[in-house]
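The values are calculated or read from the model by the stated rules, or taken from the named source; none is laboratory data. Just so it is clear, the model here is predicted, and its values are computed rather than measured. In this analysis, Cβ positions are derived from the backbone assuming ideal geometry, glycine residues included, and neighbour counts consider all displayed protein chains. Ligands, DNA and RNA are excluded from the accessible area calculation, which covers all protein heavy atoms including side chains. Shrake-Rupley method; radii C 1.70, N 1.55, O 1.52, S 1.80 Å.
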Amino acid sequence: MQREVFDLAIIGGGITGAGVALDAASRGLNVALIEKRDFASGTSSRSTKLIHGGLRYLEQFEFGLVREALRERATLSRIAPHLSEPLAFLVPVYDARRPSPLGRNKLKLRLGLWLYDLLAGRQNIGRHRWLKPEEILKLAPALEAGGLKGALLYYDCLTDDARLVIEVIKAAAEAGAIVANYAAARGLVKSDGRVSGIEVEETRGGRRFTLSAHVVVNATGVWSDEVARLADRNGARKLRPSKGIHVVMPDEGFNCEAAVLIPSLGEQRFLFIVPWLGRTLIGTTDTDYGGPLDEPVADPDEINRVLESAARYFPRANLCTERVISTTAGLRPLVSEDDKSTSELSRKDELIESDSGLISMIGGKLTTYRRIAERVVDRVMERLGRARGKCMTGQIELAGGVLSDAQMKDESPRMAAEYALPVETVEHLMHKYAGNSRVILEITRESPDLRSPLIEGLPHIAAEVVYAARYEMAMTVEDFLARRTRIALLSRDHGSGCVARVGELIHEGHEEARRESPA
């Protein structure tokens, strides 16, 4: 990064920055990306884990946004099906004693879902339909049956948001981008009044250097205003952060095979009850936020409100704070509009170009990251005076290539025998890492210890730590537990039982990578 002058330098290693890096590198640009903490350490790892069109946005008449998101859902299902898995969603309808998540007007609900199907077009997963109570309870057996009249069923997709960011970052690096985590932008360099580089500090070592580039993109999400003021101290605030929390509960008491929408107490919105990685995820809230941006937390009253909302519809799930496994809190980088609540603000992205030439991208959705990146790179190409070329990211398969369900089913027993692993472990690796699972399986040959589980009750094995250190730039134990895997969310002790072992394996993985790298 110190030796070259790049076509494009990107600040921010969340999904937007990762998408821009991949798009730009795949179009032939010389690209550098820096992230002050770890990749996906902000909002991009704290979502509701959905790849979806956004049913709620129909109420705001955001038809274009919904159509784009549904098309992107189909694209991601093609290039990374393990990160965009179809899931049924239930919208229960009750009698007058209990509110329904999208109101009581069944006709309005059906019209909305008819439009949702229409906007998805030929790439729709499945058409919505009406279910009777007995059909509903097969998919969500713990849902309150009293007063239940039926439910509308529709389809969207489930993801692991942090893994998605990591895979896009890796694809960008494979396409030629130079990427660095734990590298913070401390200032912007100007030449003739135009931004021409970034003053970078390595946050784990303290070394500083200048990263030079013809164009600089600010893709830092809720930190966008702060970075923009490095170029213009008097710049107006563009962002209105909105806080959303999630609560992770044991699957026992829910046992849902479909996600369920329920009303959120005290808010004009609904919550999702989502079966995810053997746990149940409940969220998200939407409130104004004015606190520190780096580490928002779920407050006790917010957690209680989420649990109380869920308990009204799952009364037998024993939803109390003592059973909470973990919580997350993330901040949405919404574009500010006067006199509107955060729930009313559009989720559309907005590209802002300052007088000094800094390009800032704010707003947007996880689902539409690829199209957001395309718009940014189109503008970068114009600035560089080059032909736009064609965006290629819709054809770039992530995670070392797609593995179909049939391949996983057929190959997992054979691979289990070949690598002396349980079939369940091989299935876990294939499902989580797709084509790259073969690399992890080869790592298990290095030592029998690398085949052993990291923590009781979860499928992760020691070889995954070595892989994360060698190939995914996991620098700390938290990087691995919170983002390369989701152990920190899924384990009641947040992974503390395997911290020492993970630390040792990360160190060994780095040492091996240094020995193998050219001098």
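May I ask you to list the residues in the stretch 238-263 that are in a loop (DSSP other than H, G, I, E, B), touching a strand residue (DSSP E or B) at 6+ places or on another chain (Cβ under 8 Å) and within 23 Å of residue 157 (Cβ to Cβ)?
If the condition is that a residue be in a loop (DSSP other than H, G, I, E, B), touching a strand residue (DSSP E or B) at 6+ places or on another chain (Cβ under 8 Å) and within 23 Å of residue 157 (Cβ to Cβ), then 251, 254, 256, 257, 258 are the ones that fit.
If residue 105 satisfies every condition in (1) at pLDDT 95 or above; (2) open to solvent by 10 Å² or more (accessible area, probe 1.4 Å); (3) more than 27 Å from residue 245 (Cβ to Cβ) but one, which is the exception?
(1)
Pick from 71, 46: which is buried (at least 22 other Cβ atoms within 10 Å of the Cβ), basic (Lys, Arg) and on the phi < 0 side of the Ramachandran plot?
Numbers: 71 fails: buried (at least 22 other Cβ atoms within 10 Å of the Cβ).
Step by step, each of 71, 46 is checked, and only 46 is buried (at least 22 other Cβ atoms within 10 Å of the Cβ), basic (Lys, Arg) and on the phi < 0 side of the Ramachandran plot.
Looking at 83, 65 in this structure, which one is at pLDDT 95 or above and closer than 22 Å to residue 368 by Cβ?
Working: 65 fails: at pLDDT 95 or above.
Being at pLDDT 95 or above and closer than 22 Å to residue 368 by Cβ holds for just one of 83, 65, which is 83.
In the list 116, 155, which residue meets the criterion of being surrounded by 18 or more Cβ atoms within 10 Å (Cβ to Cβ) and at pLDDT below 95? Walk me through it before giving the result.
Working: 155 fails: at pLDDT below 95.
It is 116.
Among the listed residues 149, 108, 138, which satisfies the condition of being more than 25 Å from residue 280 (Cα to Cα) and out of contact with any His (no Cβ under 7 Å at 6 or more places or on another chain)? Full working, then the answer.
Values: 149 fails: more than 25 Å from residue 280 (Cα to Cα); 138 fails: more than 25 Å from residue 280 (Cα to Cα).
Exactly one residue qualifies, and that residue is 108.
Tally time: how many residues in the stretch 43-72 are over 13 Å from the mean Cα position of the chain (by Cα), under 21 Å from residue 330 (Cβ atoms) and in a helix (DSSP H, G or I)?
The total comes to 6.
Filter the stretch 269-295 down to residues that are part of a strand (DSSP E or B) and of a type in the set (D, E, K, R) and give me whichever is modelled with the highest pLDDT. Spell out the reasoning first.
From the stretch 269-295, those part of a strand (DSSP E or B) are 270-276, 279-283, 287-288; that's our starting set.
Right, trim to of a type in the set (D, E, K, R) and you get 279, 288.
On the way: 279: 97, 288: 91.
Ranking the qualifying residues of the stretch 269-295, first place goes to 279.
In the stretch 259-310, which residues are free of Cβ contacts under 8 Å to residues at least 60 places away in the same chain and hydroxyl-bearing (Ser, Thr, Tyr)?
Matches in the stretch 259-310: 264, 280, 285, 287, 289, 309.
What is the number of the single condition among (1) more than 29 Å from residue 83 (Cβ to Cβ); (2) at pLDDT below 95; (3) assigned to a strand (DSSP E or B) that residue 266 does not meet?
All conditions pass for residue 266, except number (3).
Tell me whether the stretch 128-143 contains one or more residues that are modelled with pLDDT of 95 or more, surrounded by 16 or more Cβ atoms within 10 Å (Cβ to Cβ) and small (Gly, Ala, Ser).
Taking every residue of the stretch 128-143 in turn, at least one turns out to be modelled with pLDDT of 95 or more, surrounded by 16 or more Cβ atoms within 10 Å (Cβ to Cβ) and small (Gly, Ala, Ser).
Kindly indicate the residue of the stretch 369-391 that is among the charged types (D, E, K, R) and touching a strand residue (DSSP E or B) at 6+ places or on another chain (Cβ under 8 Å) and also surrounded by the fewest Cβ atoms within 10 Å (Cβ to Cβ) among those meeting that condition. So that I can check it myself, show each step before the final result.
Taking the stretch 369-391 as the starting set, the residues that turn out to be among the charged types (D, E, K, R) are 370-371, 374-375, 378-379, 382-383, 386, 388, 390.
Now restrict to residues that are touching a strand residue (DSSP E or B) at 6+ places or on another chain (Cβ under 8 Å): 375, 379, 383.
Details: 375: 18, 379: 17, 383: 15.
Restricting to residues being among the charged types (D, E, K, R) and touching a strand residue (DSSP E or B) at 6+ places or on another chain (Cβ under 8 Å), the top hit is 383.
Can you tell me which residue in the stretch 316-329 is farthest from residue 488 (Cα to Cα), limited to those that are open to solvent by 50 Å² or more (accessible area, probe 1.4 Å) and modelled with pLDDT under 95?
Applying the filter and picking the extreme gives 316.
Give the number of residues within the stretch 379-404 that are part of a helix (DSSP H, G or I) and touching a residue at least 60 places away in the same chain (Cβ under 8 Å).
Taking the stretch 379-404 first, the residues part of a helix (DSSP H, G or I) are 379-384, 393-395.
Okay, now just the ones that are also touching a residue at least 60 places away in the same chain (Cβ under 8 Å), so 380-381, 383-384, 393-395.
Qualifying residue count for the region: 7.
Is it the case that residue 240 is over 11 Å from residue 140 (Cα atoms), open to solvent by 10 Å² or more (accessible area, probe 1.4 Å) and modelled with pLDDT of 95 or more? Reasoning before the result, please.
Details: over 11 Å from residue 140 (Cα atoms): yes; open to solvent by 10 Å² or more (accessible area, probe 1.4 Å): yes; modelled with pLDDT of 95 or more: no.
The answer is no for residue 240.
Considering the stretch 181-208 alone, what residues qualify as being within 23 Å of residue 41 (Cβ to Cβ) and open to solvent by less than 20 Å² (accessible area, probe 1.4 Å)? Reasoning before the result, please.
Keep residues of the stretch 181-208 that are within 23 Å of residue 41 (Cβ to Cβ), which gives 181-188, 198-208.
Within the stretch 181-208, 181, 183, 184, 187, 198, 200 qualify.
If a residue must be within 30 Å of the chain's Cα centre (by Cα) and closer than 30 Å to residue 68 by Cβ, how many such residues does the stretch 103-139 contain?
Of the residues in that region, 23 qualify.
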